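**Student:** Here you go, one structure.
Every number in this text was worked out from the coordinates using simple rules, so none of it is lab data. Because the structure is predicted, anything quoted here is derived from the model rather than measured.
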Amino acid sequence: MISPQCPTSAAPCHPLSEREREVLEHVARGESNKQIGRALKISDQTVKNHLWRSFQKLRVEDRTGAVIAALRCGELVIPGIKRA
């Protein structure tokens with residue numbers, strides 16, 4: 001399967017894991033790492049690890065960039081928000 005082009009470079013997007021997608025869904029809702037950890041029953045450090053891997057795969061440097069890039073790549077779908 002060929003991934004869509006990464007919005008921040010000419011390279012294709014690297015697919016996110018299911019858990020990385022779940023974490024980004026919570027980030028998109030404005031939740032803190034602590035809130036995400038509680039909701040997913042994982043530690044704050046594990047949330048940070050999932051975010052860090054997402055940043056690497058999406059070639060971004062922060063939470064907002066990760067959500068935007070994931071939406072553009074089609075890795076994250078939020079009802080009511082169209083793919084940019």
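**Student:** Along the three principal axes, how long is the range 32-84 when you take its alpha carbons, biggest first, rounded to the nearest angstrom?
**Tutor:** On the principal axes, the range 32-84 reaches 32, 24, 14 Å in Cα extent.
**Student:** Something else now. Report ³J(HN,Hα) in whole Hz for each residue of the range 34-39, in order, from the Karplus equation J = 6.51 cos²θ - 1.76 cosθ + 1.60 where θ = phi - 60°; Gly and Pro get x.
**Tutor:** Along the range 34-39, the couplings run 5, 5, 5, x, 4, 5 Hz.
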